[in-house]
Amino acid sequence: MALRVPKAPGFASMMKEGSKYMHGLEEAVYRNIGACKELCETTTSSFGPNGLNKMVINHIEKLFVTNDAASILREIDVVHPAAKILMLASDMQEKEIGDGTNYVILFGSKLLENAESLLRMGLSPSEVIDGYNLALKKTLEFLPTFEIKVNLTKENLRDNEKVVSKVLQTAIGSKLFGYHEFLGELVTKACLTVTGSDSSSSFNVDNVRICKILGGGLLQSTMIPGMALKREVESEITKVNQARIAVFSCPIDIQVTETKGTVLLKSADELLAFSKDEEASIEIQIKALSDAGINVIVSGGKVGEMALHFLNKYKIMAVRLQSKFDLRRVAKTIDAVVLPKLRTPTHEEMGACDSIFVDEIGETHVIIFKHAKSHIATLILRGSTDQVSCT
């Protein structure tokens, strides 16, 4: 009698319940190619300068109107693993190059579509892969013949501003055709401002800030060397030239202890004396700042009413920033040190700025820190709708 040897249940038993295992051309390869072709059809009409916009509503019902393939794919939920790989390749293109995301989707899906016809003719997948590898080697041989060499270095960027602008226009033209020349010049100026004259410094994308203001047209957009913040100042002073600035992360108010205390007042005179001591204390601090030459204070906390009174008395502008990131960027713009405690800063800790003023753009009040030597630039984008400025 033969001994029955149990057979292994197979790969499917190692997968979790509900999983599906497919193999072979019909079940796996053709289905994967079909999914990639479906993904390609989603973004094909948005390709090129004349590409059509798409209206995308994501899972939180937020509306996007854009022809940028990276934005479209970011908001749709792709589940199919093969299409997911193609989408990840497009996402990597966006991170490394910043453009050509739709081209990656189209090119990849067309390669798969041509591979499908070869597979149906009887070729094996390994033969198709070998053919594509040979084509890749031949392409890399031809590519250098199509190059247009431009010698751009950090030292000669400013001398080749028009060349840099044309390079940037190719990326902008696919998103906003007709405005690419205007926006290309703005972005070029912003990039050159951030780069500076120091050839050893590296370019930081985060140093190019964008301030979107509703109203007007896109051609009313401007670039300023410095920062622009959509808010108003706390004090009565709205414009300061040749500003000397102190930046604090703490509130500008009367200092209080962390523990609670009880004050026992036995007469009205003691109450008056108590309030006068508080007034004198905050006035001494504000006067010390004024005597040090400071005419602008930037705070990451609240500005108390008593402190605001003395700031107006000594003609000091007060700016309150609720975001710690904006506080750091402003400090970087004016070359100041953020102080954690209300005290008179040293000369090295102070910041300097050509001018700080409040401007009304459309119906929005904006505080502008304008500094010619700043390594941060801000693009003020105008648009009739939010979707135009978000494109």
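The values are calculated or read from the model by the stated rules, or taken from the named source; none is laboratory data. These numbers come from a predicted model, not from an experiment. Cβ atoms come from the backbone with ideal geometry, glycine included; neighbour counts cover every protein chain shown.
Please give the number of the condition Ala69 fails out of (1) under 30 Å from Leu168 (Cβ atoms); (2) among the aliphatic types (A, V, I, L, M); (3) surrounded by fewer than 17 Cβ atoms within 10 Å (Cβ to Cβ); (4) at pLDDT below 85.
Ala69 satisfies all of (1) under 30 Å from Leu168 (Cβ atoms); (2) among the aliphatic types (A, V, I, L, M); (3) surrounded by fewer than 17 Cβ atoms within 10 Å (Cβ to Cβ); (4) at pLDDT below 85 except (3).
Of all residues in the stretch 165-193, which are small (Gly, Ala, Ser) and either in contact (Cβ under 8 Å) with a residue 60 or more places away in the chain or more than 23 Å from Ser374 (Cα to Cα) (or both)?
Passing the criteria: Ala171, Gly173, Ser174, Gly178, Ala190.
Taking Asp91 as meeting all but one of (1) closer than 24 Å to Gly48 by Cα; (2) not assigned by TED's automatic domain parsing to the domain that holds Glu38, write down the number of the exception.
(2)
crowded, with 17+ Cβ neighbours inside 10 Å and either at pLDDT 75 or above or under 20 Å from the mean Cα position of the chain (by Cα) (or both), is that true of Glu181? Step through it out loud before you land on a result.
On the way: crowded, with 17+ Cβ neighbours inside 10 Å: no; either at pLDDT 75 or above or under 20 Å from the mean Cα position of the chain (by Cα) (or both): yes.
Criteria not met by Glu181.
Yes or no: Gly301 at pLDDT below 90, closer than 22 Å to His365 by Cα and among the small types (Gly, Ala, Ser)? Break it down into steps so the answer makes sense when it comes.
Details: at pLDDT below 90: yes; closer than 22 Å to His365 by Cα: yes; among the small types (Gly, Ala, Ser): yes.
Answer is yes for this residue.
Among the listed residues Leu52, Leu39, which satisfies the condition of being over 24 Å from the mean Cα position of the chain (by Cα) and within 21 Å of Gly178 (Cα to Cα)?
After ruling out the rest, the residue left standing is Leu52.
In the stretch 281-380, which strands (runs of 3 or more DSSP E) lie fully inside it and hold 3 or more residues that are surrounded by fewer than 21 Cβ atoms within 10 Å (Cβ to Cβ)?
Fully inside the stretch 281-380 and qualifying: 351-361, 364-370.
In the stretch 212-226, is there at least one residue being of a type in the set (A, V, I, L, M, F, W, C), surrounded by fewer than 18 Cβ atoms within 10 Å (Cβ to Cβ), part of a strand (DSSP E or B) and in contact with an Asp or Glu (Cβ under 7 Å, 6 or more places away or on another chain)?
The answer is yes; a qualifying residue exists.
Would you check which residues across the stretch 117-176 are at pLDDT 85 or above, among the acidic types (Asp, Glu) and loosely packed, with under 10 Cβ neighbours inside 10 Å and list them?
Selection gives Glu141 alone.
Scanning the stretch 103-116 for residues that are under 32 Å from the mean Cα position of the chain (by Cα) and touching a residue at least 60 places away in the same chain (Cβ under 8 Å), which turns out surrounded by the fewest Cβ atoms within 10 Å (Cβ to Cβ)?
Step by step, filter the stretch 103-116, then rank; the result is Leu106.
I'd like to verify a number: residues in the stretch 72-110 that are closer than 20 Å to Thr170 by Cα and small (Gly, Ala, Ser), how many?
Qualifying residue count for the region: 3.
Answer yes or no: is there a residue in the stretch 300-312 that is in contact (Cβ under 8 Å) with a residue 60 or more places away in the chain and closer than 15 Å to Lys230 by Cα.
Within the stretch 300-312, not a single residue is in contact (Cβ under 8 Å) with a residue 60 or more places away in the chain and closer than 15 Å to Lys230 by Cα.
Take Leu271 and tell me if it is surrounded by fewer than 18 Cβ atoms within 10 Å (Cβ to Cβ) and either farther than 26 Å from Ile368 by Cβ or touching a residue at least 24 places away in the same chain (Cβ under 8 Å) (or both). Outline the logic, then answer.
Values: surrounded by fewer than 18 Cβ atoms within 10 Å (Cβ to Cβ): yes; either farther than 26 Å from Ile368 by Cβ or touching a residue at least 24 places away in the same chain (Cβ under 8 Å) (or both): yes.
Against the criterion (surrounded by fewer than 18 Cβ atoms within 10 Å (Cβ to Cβ) and either farther than 26 Å from Ile368 by Cβ or touching a residue at least 24 places away in the same chain (Cβ under 8 Å) (or both)), Leu271 qualifies.
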